[in-house]
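Okay, so here's the structure we're looking at.
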Amino acid sequence: MAKPPDPLPTANVAGFVADLAREHGVVVVRTKLDQFAEKLTELSGDDVRLDATELALVKLTERGVITPREMNMLILNHIREQRRSGLS
């Protein structure tokens, strides 16, 4: 199993995650449980929806491909990159 680079990417994070997911056979499919969790979050007054990159990071962490710390750093880098480009 290939170790993610250190430091983790801060640019093209979505591309890096897509390549890593493909390399490890991770396919992102929004499940009924995902939809249920999003609805509960919405009903609690929040609006949190994970995009495909964030869902892939969760699945990569569940499979042990990356650590929870790496997942958090990659999500943070992904969000920062989106903000810089005006996508969020």
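None of the figures in this text is laboratory data; all of them are computed from the coordinates on show. Keep in mind the model is a prediction, meaning the values are calculated, not measured. As a convention, Cβ positions derive from the backbone with ideal geometry for all residues, glycine included, and neighbour counts pool all protein chains shown.
Extending 7 Å from the Cα toward the beta-carbon at both R83 and K39 defines two label points whose distance is 3.2 nm. A Cβ-based charge dipole, computed about the Cα centre of the chain with Lys and Arg at +1 and Asp and Glu at -1, lands at about 100 debye. Shown in residue order for the stretch 12-20 are the 3J(HN,Hα) couplings computed by the Karplus curve 6.51 cos²θ - 1.76 cosθ + 1.60 at θ = phi - 60°: 6, 5, 4, x, 4, 5, 4, 5, 5 Hz (x for Gly and Pro). By the helix-only formula, in which each DSSP H run with n ≥ 4 contributes -39500 (n - 2.57) and the sum is divided by residues, the chain has a 222 nm mean residue ellipticity of -18500 deg cm²/dmol. Using the Karplus relation 6.51 cos²θ - 1.76 cosθ + 1.60 with θ = phi - 60°, the per-residue 3J(HN,Hα) values for the stretch 64-80 come to x, 6, 10, 7, x, 5, 4, 4, 4, 5, 5, 5, 4, 4, 5, 5, 4 Hz, with x marking Gly and Pro. Calculate I(q)/I(0) for the chain by the Debye formula, one identical point scatterer on each C-alpha and no solvent, and give its log10 at q = 0.12 Å⁻¹ to two decimals. The computed values of log10 I(q)/I(0) come out as -0.38. Fully extending the segment from D47 to T67, taken as 0.36 nm per residue of separation minus the present Cα-Cα distance, adds 4.6 nm. Taking Cβ atoms as reference points and 13 Å as the exclusive limit, the residues near L74 contribute a net charge of -3, counting Lys and Arg as +1 and Asp and Glu as -1.
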